[in-house]
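Notes follow once the structure below has been shown.
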Amino acid sequence: MDNRKDILWRVYLIYVGMFLLALTIIGRILYIQIAEGDKWKAKAEKLTMRYFNIEANRGNIYDANGEFLSTSVPIFEVRMDVASPYITDEIFAAGIDSLSYKLATYFGDRSKREYKLLISKARSEKNRYLLLKRNVNYDQLKVLKTFPIFRNGKNKGGLIAHAIDRRIQPYNHLAFRTIGWDKEGKKNDLGLEGAFSTELEGQSGKRLMQRIANGNWRPLNNENEIDPRSGNDIISTIDIHLQDVAEEALMKQLIANDADHGCAVLMEVKTGRVKAIANLGKNKTGVYEEKYNYAIGEASEPGSTFKLFSLLAALEDGKTDLDEKYDCTGGVTHYANRTMKDSHLGTGVLTVKQIFEKSSNVGVSKVIYKAYSSNPQAFIDRLYSFSVNKPLNLEIAGEGMPRIKDTHARSWSKVSLPWMSIGYEVALTPMQILTFYNAVANNGVMVKPRFVDEIRHSGEPIKVFEPVVINPKIASKRAIDKAKIMLEGVVEEGTGSVLKNPVYKVAGKTGTAQIAMNNAGYNRSSYKGTFVGYFPAENPRYSCIVVINNPTKGVYYGGAISAPVFREIADRVYASDMEMGFTWNDTVKEKSKVPVSGGFGNDLATLGRWLGFTPGLKLNNNWIVSDSTGIKIASYNAGNGIVPNVNGMGMRDAVYLLEKHGFKVLTSGMGIVRKQSLKPGSKALPGSVVELKLEI
């Protein structure tokens with residue numbers, strides 16, 4: 001009996017305990033709901049709703065003519081609100097088969113059955129944010145909107161398209177390294193995209209999103225809470241048409257000589273506006289691409305192009321003059337324990353002007369050694385006064401540092417002065433060399449190269465960039481005028497004679513330098529060829545530098561490998577820049593009524609009118625050819641397999657006509673077409689190679 005009472009007492013005690021626990025729980029629930037309800041509701045909302053940043057439309061980068069260089073295009077992530085209350089069971093059942101078939105057929109990534117299972121399962125799980133496809137472009141999105149169910153409209157169709165901007169460069173590789181890209185955490189070589197990222201990116205907006213199943217988020221409202229502000233646009237100095245010319249000319253020469261890499265830069269003399277900058281290097285597969293900005297970043301020994309620096313220093317200090325003579329001792333001389341040689345031996349007594357024109361190493365070194373051997377630091381100080389020992393601080397990151405050591409450097413030796421005078425034991429980038437030559441063309445005013453003209457917002461300029469003067473006077477007018485005479489002499493009488501032509505004058509300097517192999521000395525088989533100068537020489541408007549590194553076909557002198565690229569760029573610029581005008585003299589007019597005897601009639605008519613030539617043929621909208629029977633009109637039908645007659649035409653017309661007919665073209669020389677490898681009028685298969693020989 002006592003045991004029974006004891007058991008019942010314990011049971012009652014448990015019941016009472018459970019009852020009190022239940023009351024406590026109920027009380028706590030009521031307290032949370034009533035007393036702390038607002039607090040927990042707010043926390044719940046924070047967990048299920050959040051403001052997301054809406055990225056602003058990044059601004060565009062344009063060339064000087066308003067062409068897109070870099071822009072953003074929308075790429076869509078396509079999702080479906082499968083559980084939308086607007087999609088009834090009847091609508092879903094009637095359209096799911098057709099929708100699955102359309103998606104499978106259009107994208108080809110899943111079968112109809114797989115799409116149907118995916119969408120049906122999502123509907124059963126009440127998924128309101130089902131991912132269907134990433135990286136859908138705008139044209140594809142327009143097609144999707146016509147599919148069954150989706151065609152019912154934005155809300156009733158359940159189609160959700162989340163736009164993501166993707167950056168593209170419409171001209172692909174053209175000026176790729178200069179246009180650049182924007183990557184977080186990467187500091188160097190980002191081009192204009194990186195340099196002006198803050199201006200381009202704009203201000204983000206805000207949008208309220210709600211967490212749904214599977215951790216996904218969907219917009220709570222149809223509109224943004226705060227709309228983003230689009231970024232500013234950058235108007236660059238680059239002319240994409242001249243850029244194309246520069247890259248094509250450089251590419252052709254790199255391929256022909258199997259060179260490792262090269263660059264070409266075209267700049268306006270007065271303003272420093274860079275109109276074209278080509279950088280091409282061979283990748284692992286042997287294809288040339290814009291893999292590095294050599295023009296800005298590659299500092300190396302300039303070789304003979306540095307001779308202008310040296311002789312301008314001596315001219316400015318009154319240490320020599322153009323007509324002073326030096327014995328070049330057969331093209332060989334000695335300094336301490338080293339021998340210096342000219343590329344062409346046998347050089348005798350030359351004036352300073354002739355030394356520069358022939359690019360005599362021995363001659364230049366003797367001029368500088370005689371002038372500064374008793375005080376080498378005076379030579380260094382004069383070089384520093386040219387502002388060539390400091391970086392240009394370009395808008396684009398990644399500039400190589402100039403290295404012009406002084407006499408206090410640990411590496412200074414008894415041979416440093418003569419070897420520095422011819423461009424060794426110093427280092428400059430192509431852009432830094434060009435800036436110095438541009439200063440000579442600009443009568444001593446050194447302007448900073450620049451890549452941007454304006455920053456605009458909604459078409460209105462908010463910042464305009466003006467020329468920046470680095471050094472208002474690198475040297476006296478007397479010394480600059482003498483430097484110009486030397487530079488013109490290189491083309492008229494010296495190593496740059498390939499650029500001599502009757503239309504406009506070029507001034508400049510060839511350069512050939514052995515490439516140093518770190519601490520292993522100079523490789524006798526590795527060279528770089530350079531031509532740097534300006535045109536027209538009598539009234540300089542443009543300066544240009546072309547550098548080709550490590551050609552392997554036996555041609556490496558700057559006058560032979562880089563000058564032709566300079567010529568092609570200069571010809572195209574001169575032909576397209578009406579402000580330079582035609583400068584042909586009367587003698588040229590008398591010798592030839594028209595400089596070419598074939599080409600497109602409209603162009604020949606324009607040239608003929610300027611020359612005062614009245615054609616006997618109806619030139620307009622016709623092709624004109626020259627053969628043994630004289631000059632006549634020719635009718636060409638593209639694709640007929642007949643080789644056109646391009647003799648007497650300029651290279652541009654000849655290449656255009658042959659390529660239009662499906663032939664591949666190789667050219668050599670410059671001027672007008674004198675010979676073509678496939679006989680005019682003969683039949684040939686499309687893709688056949690036609691070799692053209694051009695002569696002035």
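The values are calculated or read from the model by the stated rules, or taken from the named source; none is laboratory data. This is a predicted model, so every value here is computed, not measured. Cβ sites come from the backbone with ideal geometry, for glycine too, and all protein chains shown count toward neighbours.
The table that follows gives values for the structure above.
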read-out: Condition check for Pro615: buried (at least 16 other Cβ atoms within 10 Å of the Cβ) and either in contact with a strand residue (DSSP E or B) (Cβ under 7 Å, 6 or more places away or on another chain) or at pLDDT 80 or above (or both); value: no
read-out: Of all residues making up region 672-696, the number that are surrounded by fewer than 16 Cβ atoms within 10 Å (Cβ to Cβ) and either among the acidic types (Asp, Glu) or over 24 Å from Ala563 (Cα atoms) (or both); value: 12
read-out: Members of region 657-671 that are crowded, with 16+ Cβ neighbours inside 10 Å and either closer than 24 Å to Ala570 by Cα or in contact with a Lys or Arg (Cβ under 7 Å, 6 or more places away or on another chain) (or both); value: Leu657, Leu658, Val665, Thr667, Gly669, Met670
read-out: Test for Ser374: is it in contact with a helix residue (DSSP H, G or I) (Cβ under 9 Å, 6 or more places away or on another chain), among the polar types (S, T, N, Q) and either at negative phi or assigned by TED's automatic domain parsing to the domain that holds Gly496 (or both); value: no
read-out: Per-region count, region 102-139, residues part of a helix (DSSP H, G or I) and not hydroxyl-bearing (Ser, Thr, Tyr); value: 15
read-out: Selected residue [out of contact with any Asp or Glu (no Cβ under 8 Å at 6 or more places or on another chain) and within 30 Å of Asn539 (Cβ to Cβ)] from Glu289, Glu324; value: Glu324
read-out: Qualifying position, being exposed (fewer than 13 other Cβ atoms within 10 Å of the Cβ) and modelled with pLDDT under 90, among Arg28, Arg50, Arg113; value: Arg28
read-out: Qualifying residue in region 284-295 (condition: without any contact (Cβ under 8 Å) to a residue 12 or more places away in the chain, surrounded by fewer than 23 Cβ atoms within 10 Å (Cβ to Cβ), among the small types (Gly, Ala, Ser) and within 28 Å of Asp260 (Cβ to Cβ)); value: yes
read-out: Residues located in region 349-384, provided they are exposed (fewer than 15 other Cβ atoms within 10 Å of the Cβ) and closer than 22 Å to Glu488 by Cα; value: Val349
read-out: Index of the failed condition, Tyr504 passing every other in (1) modelled with pLDDT under 95; (2) more than 29 Å from the chain's Cα centre (by Cα); value: (2)
read-out: Condition broken by Tyr86, with the remaining ones in (1) in a loop (DSSP other than H, G, I, E, B); (2) buried (at least 21 other Cβ atoms within 10 Å of the Cβ) satisfied; value: (2)
read-out: Top-ranked residue of region 500-511 - restricted to ones that are out of contact with any Leu (no Cβ under 7 Å at 6 or more places or on another chain) and crowded, with 24+ Cβ neighbours inside 10 Å, ranked as nearest to Ser543 (Cα to Cα); value: Thr510
read-out: Residue count for region 297-356, restricted to those that are on the phi > 0 side of the Ramachandran plot and at pLDDT 95 or above; value: 1
read-out: Filtered residue count, region 69-108, keeping only those that are without any contact (Cβ under 8 Å) to a residue 24 or more places away in the chain and among the acidic types (Asp, Glu); value: 3
read-out: The listed residue being surrounded by fewer than 23 Cβ atoms within 10 Å (Cβ to Cβ), in a helix (DSSP H, G or I) and not β-branched (Val, Ile, Thr), out of Lys473, Lys482, Lys463; value: Lys482
read-out: Residues satisfying the stated conditions in region 395-416, i.e. within 24 Å of Gly508 (Cα to Cα), buried (at least 20 other Cβ atoms within 10 Å of the Cβ) and hydrophobic (A, V, I, L, M, F, W, C); value: none
read-out: Residue within region 433-448 that is touching a residue at least 40 places away in the same chain (Cβ under 8 Å), farther than 17 Å from Lys505 by Cα and polar (S, T, N, Q) present; value: yes
read-out: Cβ-Cβ under 6 Å pairs, at least 6 apart or on other chains, region 670-693 side under 17 Å from Ile642 (Cβ atoms) and among the small types (Gly, Ala, Ser), far side modelled with pLDDT of 80 or more and part of a loop (DSSP other than H, G, I, E, B); value: Ser682/Val643; Ala684/Val643; Ala684/Leu678; Ser688/Phe663
